[in-house]
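S.K.: Sharing a structure below in structure tokens format, with a few things to ask.
Derivation of every value follows stated rules applied to the coordinates shown; laboratory data play no part. Small disclaimer: the values here were computed from a predicted structure and weren't measured. Note: ideal-geometry Cβ built from the backbone for every residue, glycine included; neighbour counts use all protein chains shown.
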Amino acid sequence: MGIWKKLFQPKKCAMCGKKPVNPNYYYNDHDEKVPVCYKCVTYAERRSFRKV
């Protein structure tokens with residue numbers, strides 16, 4: 001049951017925590033692929049997140 005919940009869980013923006021509209025994906029400091037909404041893209045790039 002746990003794997004199904006994790007697969008279909010709605011993703012949140014890594015910066016603001018809201019549901020991302022038209023997300024871009026970046027690698028964070030821990031090399032995890034995270035979604036970032038279009039409003040937070042500039043902030044993610046300032047924090048030197050790498051684009052996927």
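S.K.: Of P20, V36, F49, whose Cα points farthest to the positive end of the dipole of the chain (charges on the beta-carbon: +1 Lys, Arg; -1 Asp, Glu; origin at the Cα centre)?
M.R.: P20
S.K.: Here is a further query. What does the helix-only formula give at 222 nm for the chain: each DSSP H stretch with n ≥ 4 adding -39500 (n - 2.57), the total divided by the residues, and the result rounded to the nearest 500 deg cm²/dmol?
M.R.: So the helix-based figure for the chain works out to -5000 deg cm²/dmol.
S.K.: Using unit Cβ charges (K, R positive; D, E negative) and no other charged atoms, how large, in debye to the nearest 20, is the dipole of the chain about its Cα centre?
M.R.: The dipole magnitude comes to about 220 debye.
S.K.: At a temperature of 4 °C and a viscosity of 1.567 mPa s, determine how fast the range 11-51 diffuses translationally according to Stokes-Einstein, using the Kirkwood radius over alpha-carbon pairs as Rh; express D in µm²/s, rounded to the nearest whole number.
M.R.: 134 µm²/s
S.K.: Points 7 angstrom from Cα along the Cβ direction at R50 and Y38: gap in nanometres?
M.R.: Here the modelled spin labels are 2.7 nm apart.
S.K.: Please arrange F49, F8 by counting, for each residue, the other beta carbons lying within 10 Å of its beta carbon, fewest first.
M.R.: Values: F49 21, F8 7.
Lowest to highest Cβ neighbour count: F8, F49.
S.K.: So what's the net charge close to H30: Lys and Arg +1, Asp and Glu -1, counting the other residues with Cβ under 15 Å from its Cβ?
M.R.: Net charge around H30: 0.
S.K.: Same structure again: With r defined as the distance between the Cβ atoms of L7 and D29 and R0 fixed at 25 Å, what FRET efficiency is calculated, to the nearest 0.05?
M.R.: So, using R0 = 25 Å, E works out to roughly 0.55.
S.K.: Hey, another quick one. I want the local charge near A44. Using Cβ-Cβ distances under 12 Å, sum +1 for each Lys or Arg and -1 for each Asp or Glu among the other residues. Intermediate values should be presented prior to the final figure.
M.R.: Working: positive: K39, R46, R47, R50, K51; negative: D29, E45.
So the surrounding residues net to +3.
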